[in-house]
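Comments concern the structure below.
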Amino acid sequence: MDIRPYFYYRNLLDLHDQKIVDNLIDEWMHMPETITIPQPYARLLDITHAIKMDVPALFYIHYWFIPVDCADHEKVVLRPNYLFEKEQARKNLAKVEKWITEVLRKLPDGLDDLSKALWLRDVIILNCKYGDSKNMEAHSVYGVAVNRIAVCEGLAAAYKMLCDLCNLPCIIVNGKLAGENHSWNIVWIDGKPSFVDPTADLRDGRATCRNSFIRASDEMAGYEWNRDEVPECKVKNLSNPFIRIGCEDDLMSEIRKHRECPSMTLFLDYPGADSDAYRNRISTQLAFTPEITSRWKVSHCTRRPIIYLDQ
């Protein structure tokens, strides 16, 4: 299988560990019983983390349990664990490859980076449901490609894998959203990094919206991540601006300032706005305002103080 990963986390390691990463990737594609790597291997957790983040195609590896079979002063012999029997793992990989081939066959010609990134994002969330978190397959590209149900980790992995194969640099980011563990992506549009979260809109039941597509770092309200590990994103979605509302009295004036925009994301950045009852009240109020309903449909995020206006 041609995986062509965009290496990001691998390149954060030193040269010795990068060589181990390359060796493990090549070996794991063939699913051997043992793998020999050079000493030192003290940073094995960092090495396997880099592979898991950079190479979604290796979804059948048990990254959290890799016993050391034997070691001396020059080398270490690892005995890798696989999440499936080898024959089943090969069949699962073939199913993922078939899905990828079909997606890339349908990719329209001549798309620029932004249009390509959006098309790939829509392919995933318009053909997949969110859920099945207790099933390990939902945490990988297999959940998206075959089962059509996945959680954030699987959705982010699938998006990265497709972007990699379309020459769009993309990485997975792990962190928290509204205090819960979460995974999303950074994709490079015309050489500039920007956040994309395929899961956020899908979990809100909004598969056709793009409120979490192309966002700057300072627009990622409610998200937490290691800012020293990933690049700052500054690209903003001008057709769907992220607008911070400092108090309820400013809501309508801010909407009017952006009335020419087809969509907008309103972050209610004031006390009391994080109540679901409050968001329901504001959404209902806007939904019965003729000035609003003549141009947009109104909805709100279920976990963050955000109101969406979409045409």
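Loop-only chymotrypsin sites (Phe, Trp or Tyr not before Pro) in segment 207-282, please: DSSP not H, G, I, E or B, and at most 13 other Cβ atoms within 10 Å.
Filter output for segment 207-282: empty list.
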*asked:* Within segment 132-151, list the residues whose amide N lies under 19 Å from a label point set 7 Å along Cα→Cβ of Ala178.
replied: 132-134, 150-151
*Among (1) 1.03; (2) 2.08; (3) 0.96, which is the computed Rg/Rh (Cα atoms, Kirkwood Rh)?*
(1)
*Would you mind working out the magnitude of the charge dipole of segment 1-125 relative to its Cα centre, with +1 at each Lys and Arg C-beta and -1 at each Asp and Glu C-beta, to the nearest 20 Debye?*
400
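Of Trp28, Trp119, Trp64, which has the most accessible area with a 1.4 Å probe, and how do the rest follow in descending order?
Descending order: Trp64, Trp119, Trp28.
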*With each run of n ≥ 4 DSSP H residues scored as -39500 (n - 2.57), what mean residue ellipticity at 222 nm is computed for the chain after dividing by its residue count and rounding to the nearest 500 deg cm²/dmol?*
-10000 deg cm²/dmol
*Carbon-plus-sulfur fraction of the accessible area of segment 103-144, 1.4 Å probe, in percent?*
49
*For the Cα atoms of the chain, what angle does the longest principal axis make with the long axis of helix 44-54, in degrees from 0 to 90, nearest 10?*
50
_Heavy-atom SASA rank of Ser294, Ser253, Ser283 (probe 1.4 Å, accessible area, largest first)_ = Ser294, Ser253, Ser283
*Pop out the ³J(HN,Hα) list for segment 91-102 in order, Karplus 6.51 cos²θ - 1.76 cosθ + 1.60 with θ = phi - 60°, rounded to Hz; leave Gly and Pro as x.*
5, 5, 5, 5, 5, 5, 4, 5, 4, 4, 4, 5
*How large is the accessible surface per residue of segment 95-244, computed with a 1.4 Å probe and reported in Å² as a whole number?*
42
_Can you order the peptides 227-240, 162-175 by their average number of other Cβ atoms within 10 Å per residue, highest first?_
162-175, 227-240
*Mind giving me the FRET efficiency for Gln88 and Asn135? R0 is 22 Å, r the Cβ-Cβ distance, nearest 0.05 is fine.*
0.90
_DSSP bridge pairs, the chain: antiparallel proportion in percent, nearest 5_ = 85
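Between Trp64 and Cys247, what's the calculated FRET efficiency when r is the beta-carbon distance and R0 is 30 Å? Round to 0.05. Kindly include the intermediate steps, with their values, before the conclusion.
Values: r = 46 Å, r/R0 = 1.55.
Calculated transfer efficiency: 0.05.
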*How do the peptides 16-26, 88-98 rank, highest first, by the average count of neighbouring beta carbon atoms within 10 Å per residue?*
16-26, 88-98
*Quick one: with all protein chains in place, what share of the accessible area of segment 229-304 is carbon or sulfur, to the nearest percent (1.4 Å probe)?*
52
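The values are calculated or read from the model by the stated rules, or taken from the named source; none is laboratory data. As the structure is a computational prediction, the values presented were derived from the model and not from experiment. Ideal geometry is used to build each Cβ from the backbone, glycine not excepted, and the neighbour counts take in all protein chains shown. Remember, those area values only see protein heavy atoms, side chains included, never the ligands or the DNA or RNA. Shrake-Rupley method; radii C 1.70, N 1.55, O 1.52, S 1.80 Å.
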